[in-house]
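See structure below.
The values are calculated or read from the model by the stated rules, or taken from the named source; none is laboratory data. The structure displayed is predicted, hence computed values, not measured ones. Glycine also receives a Cβ, built like all others from the backbone with ideal geometry; neighbour counts cover every protein chain displayed. Note: areas computed on protein heavy atoms with side chains; ligands, DNA, RNA excluded. Shrake-Rupley method; radii C 1.70, N 1.55, O 1.52, S 1.80 Å.
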Amino acid sequence: AVDPELTPDLCARVAARFDATAFMIFEYDFDTLGGQRFWADPDTARRGRDLIEATLDGVPPEEAEGYRLFATRPAGRIVPEFELYGVAHDRDMPPNPFRDKVLAAGGSRSRSTARLNDIGPWADIAALHLPVYGAEIPAGTRAEADIVVRILGKSFEARRTVEALTRSYAALLDAFDALDFGVAICGADGRIRSANSHFEAVAAERDGLELSGGAVQAVHAGDRPGLHRALRAAVAPDAAPADLICGLRRRSGAPPLIARTAPLRSAETGRDRLVLLLVIDPADEARLGPEGLAAFDLLTPAELEVCALLLRGLGTTEIAERRSTAAETTRDQIKSASAKLGCSSRLDLVRLALAARPPASGA
């Protein structure tokens with residue numbers, strides 16, 4: 001029942017089990033008196049196509065009255081139709097031309113129904129059509145049918161849950177891959193569980209970080225302890241913020257990549273704790289800029305300009321040349337900005353800029 005493609009065969013198996021003329025499952029909306037999805041054994045689906053379409057489009061009032069009575073019954077129990085109307089036999093039920101057509105299509109004399117699950121105004125309904133009158137159904141058959149519909153109810157509930165989770169997971173993966181920076185989910189040992197296309201592209205370049213045996217590692221051996229420390233710190237309850245970030249030098253000579261970690265499931269313990277690993281290129285001004293630092297309203301315009309260049313990976317001499325100022329002046333501005341912001345290193349400055357960065361518009 002968890003696989004929709006197999007549901008017609010499931011209906012055929014249930015029909016055969018109870019010597020029924022038909023067995024079907026459908027979603028019914030008590031507001032619109034119709035439905036969207038309908039499953040039946042192949043014979044019923046073939047010979048009753050017009051009646052199935054009519055049921056989905058909306059049943060006539062005399063048929064809807066039976067559904068109204070049916071809605072008052074508890075889920076997980078097969079109920080012969082004559083019981084719904086409180087009469088002694090199927091022959092005593094009120095006229096219903098639609099029901100007569102349904103029964104005649106399969107050579108049936110009675111039908112029994114069961115509510116499998118409630119889903120808002122909807123319900124999953126199972127209908128069993130039999131060649132005998134409902135009053136003549138053996139008690140043992142009804143008891144076994146109750147067991148079957150309870151199993152089906154749980155199965156369809158599981159299927160609906162799986163379908164919802166699958167849709168959510170697909171949407172999450174789409175959003176994950178649409179990010180314009182590298183991000184991966186990994187264990188504290190660096191073994192990658194999932195990564196978006198940007199992360200995979202950065203790793204494939206092997207310019208700062210790479211994958212080895214399915215685990216992420218720094219290209220430069222000297223940076224590996226820092227990356228390992230940042231990964232382990234993400235699952236440590238007492239880790240300092242400074243432990244969650246490190247620089248990864250690049251073979252190309254470009255400014256080092258910034259690796260930032262965060263706990264993905266901080267409440268969990270044991271070996272399955274996961275880490276979110278973000279890899280940011282400091283040259284990406286949209287991702288790493290001085291806007292968050294400016295919000296503190298502590299820096300002069302010159303200090304803010306110097307910090308912006310520091311975030312992009314430029315050294316003191318390069319900044320001085322870019323701004324046409326003396327190297328000593330630049331060093332003083334860096335010291336002053338760092339003191340005002342409480343940063344003792346370039347990585348501290350990067351960490352603060354990332355933490356204070358305003359959210360992207362439309363996020």
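Assorted remarks:
Per-residue answers, yes or no, for (1) in contact with a strand residue (DSSP E or B) (Cβ under 7 Å, 6 or more places away or on another chain); (2) open to solvent by less than 60 Å² (accessible area, probe 1.4 Å); (3) among the hydroxyl-bearing types (Ser, Thr, Tyr):
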| site | (1), (2), (3) |
| --- | --- |
| ASN117 | yes, yes, no |
| ALA127 | yes, yes, no |
| GLY140 | no, yes, no |
| GLY153 | yes, yes, no |
| PHE156 | yes, yes, no |
| ALA164 | no, yes, no |
| SER168 | no, no, yes |
| ILE192 | yes, yes, no |
| HIS198 | yes, no, no |
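- If the condition is being surrounded by 16 or more Cβ atoms within 10 Å (Cβ to Cβ), of a type in the set (A, V, I, L, M, F, W, C) and either in contact with a Leu (Cβ under 8 Å, 6 or more places away or on another chain) or more than 15 Å from LEU276 (Cβ to Cβ) (or both), then segment 236-251 contributes ILE245, CYS246, LEU248.
- Hits in segment 152-203 - residues which are in a strand (DSSP E or B) and among the hydroxyl-bearing types (Ser, Thr, Tyr): SER194
- Looking across ALA16, ALA12, ALA45, ALA22, one residue alone is under 17 Å from LEU130 (Cα atoms), touching a Gly at 6+ places or on another chain (Cβ under 7 Å) and hydrophobic (A, V, I, L, M, F, W, C). It is ALA22.
- Screening ARG206, ARG224 for residues that are basic (Lys, Arg), in contact (Cβ under 8 Å) with a residue 12 or more places away in the chain and over 30 Å from ASP19 (Cβ atoms) leaves exactly one candidate, ARG206.
- Those residues of segment 324-346 which are open to solvent by less than 60 Å² (accessible area, probe 1.4 Å) and under 20 Å from ALA254 (Cα atoms), in sequence order: SER345
- In segment 270-293, the residue that is modelled with the lowest pLDDT out of those that are small (Gly, Ala, Ser) and either at positive phi or surrounded by fewer than 17 Cβ atoms within 10 Å (Cβ to Cβ) (or both) is GLY270.
- Matching option when the condition is of a type in the set (D, E, K, R) and out of contact with any helix residue (DSSP H, G or I) (no Cβ under 8 Å at 6 or more places or on another chain), among ASP124, ASP118, ASP90: ASP118
- In the set PRO237, PRO263, only one residue is under 29 Å from the mean Cα position of the chain (by Cα) and more than 26 Å from ASP174 (Cα to Cα); that residue is PRO237.
- Within segment 56-68, restricting attention to residues that are in contact with a Phe, Trp or Tyr (Cβ under 7 Å, 6 or more places away or on another chain) and farther than 21 Å from PRO131 by Cα, the residue that is surrounded by the most Cβ atoms within 10 Å (Cβ to Cβ) is VAL59.
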